[in-house]
1. Between GLU156, GLU160, GLU89, which is part of a loop (DSSP other than H, G, I, E, B), modelled with pLDDT of 95 or more and open to solvent by 30 Å² or more (accessible area, probe 1.4 Å)?
2. Considering segment 175-207 alone, what residues qualify as being open to solvent by 50 Å² or more (accessible area, probe 1.4 Å), of a type in the set (A, V, I, L, M, F, W, C) and in contact with a Lys or Arg (Cβ under 9 Å, 6 or more places away or on another chain)?
3. Against the condition away from the ligand (no atom under 16 Å from the Cβ) and open to solvent by 60 Å² or more (accessible area, probe 1.4 Å), how does HIS169 come out, does it pass?
4. Which one is farthest from HIS97 (Cα to Cα), of the residues in segment 199-237 that are of a type in the set (S, T, N, Q) and within 21 Å of the chain's Cα centre (by Cα)?
5. For segment 227-262: of the residues being polar (S, T, N, Q) and not in a strand (DSSP E or B), which is most open to solvent (accessible area, probe 1.4 Å)?
6. Any idea which residue in segment 83-99 is farthest from PRO236 (Cα to Cα), counting only those that are in contact (Cβ under 8 Å) with a residue 60 or more places away in the chain and either more than 16 Å from the ligand (Cβ to nearest atom) or out of contact with any strand residue (DSSP E or B) (no Cβ under 8 Å at 6 or more places or on another chain) (or both)?
7. Could you list, in sequence order, the residues of segment 113-153 that are among the small types (Gly, Ala, Ser) and modelled with pLDDT of 90 or more?
8. Answer with yes or no whether GLY68 is within 16 Å of the ligand (Cβ to nearest atom), modelled with pLDDT under 95 and either open to solvent by less than 10 Å² (accessible area, probe 1.4 Å) or β-branched (Val, Ile, Thr) (or both).
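The values are calculated or read from the model by the stated rules, or taken from the named source; none is laboratory data. No experiment lies behind these values; they were computed from the predicted model shown. Counting neighbours? That spans all protein chains shown, and the Cβs are built from the backbone with ideal geometry, glycine included. Just the protein is used for accessible areas: all its heavy atoms, side chains included, with ligands, DNA and RNA removed. Shrake-Rupley method; radii C 1.70, N 1.55, O 1.52, S 1.80 Å.
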Amino acid sequence: MTESVQTELTKDVFVLHKTSFNIACLESEALQRLYHETTSCVQNVKIEVIGNGEGRRGREEHSATTIGLARQRPVIEIADWLDKGQRIEAIAHELAHLLLVYRSGLGVVGRRVPRPGDSEDIFRFFMSMRGDWVYLLGQISNTTHHLILIDLLKQEYGIEGDLHIYLLHQNFCVAANDNMRDKESQYGMGLVAFEYERLIGKFGGTIDVDHQSEFFWEAYHLAQKHFGGYGFRSMPAPSAYEGNILSFLEALGYQREDFMFFPEGKQDFRSIT
Ligand SMILES: [Zn+2]
């Protein structure tokens, strides 16, 4: 009896928290056009609504996330608290990420696997990755993409990026005042600061600049050097993009050989926001 009740509850919770979503109900021609252009580059793009704060990563807040990039079966997950206009923005934002990955060849950077071909080994490797690695590498792909896609959406589709700008501000304020962060996370924050300056403006009044670490500033200045020229009208070629990211990581003290770009392999471990 108890067991069957619990099973039913579990099912209900699952159904309530994750439901597939049809963009037609948003009545946005621009979004439909973007969706069709994206699905002509990568098929099987699914959109799902996630409930009850599942879109949050720690204390940060995200309106949407895309998973399944590497196996070319992307699922866009949008938060249930978004209103109609925000849903259009959030889905368009994720679709633009997919366009950059699959049409423009600007893939997502990840750690190189230790023994290609050994799926068990690969799985263990990625499962052992610390969360801060995921944050730093995810932020590299996010920030480089955002410098391009905010203007791409505005100019090609007339879709604003207000929601992204709002969340960038909110999450930057929260994360920059978190003193417990490790080296990779502080590098990631330096990237966010660089993105903030490019998309919003000076951040001196937003966070306590005197108490940011040397890692924060190192990544901030290196991001300016390696990605400062990125924009919708100055999109890098895939080879230049990958070279810039590897040089950025090398300048931070990592080995270029330890990284690779997805989709290329078969493992699916990363998401973009
Ligand atoms: Zn994004």
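1. Of GLU156, GLU160, GLU89, the one residue that is part of a loop (DSSP other than H, G, I, E, B), modelled with pLDDT of 95 or more and open to solvent by 30 Å² or more (accessible area, probe 1.4 Å) is GLU160.
2. Result: no residue meets the conditions.
3. For HIS169, the condition - away from the ligand (no atom under 16 Å from the Cβ) and open to solvent by 60 Å² or more (accessible area, probe 1.4 Å) - is not met.
4. GLN224
5. Here the residue is GLN255.
6. GLN86
7. In the first step, residues of segment 113-153 are kept if they are among the small types (Gly, Ala, Ser); the result is 117, 119, 128, 131, 138, 141.
Residues satisfying the conditions are GLY138, SER141.
8. Values: within 16 Å of the ligand (Cβ to nearest atom): yes; modelled with pLDDT under 95: yes; either open to solvent by less than 10 Å² (accessible area, probe 1.4 Å) or β-branched (Val, Ile, Thr) (or both): yes.
Judged against the criteria, GLY68 is a match.
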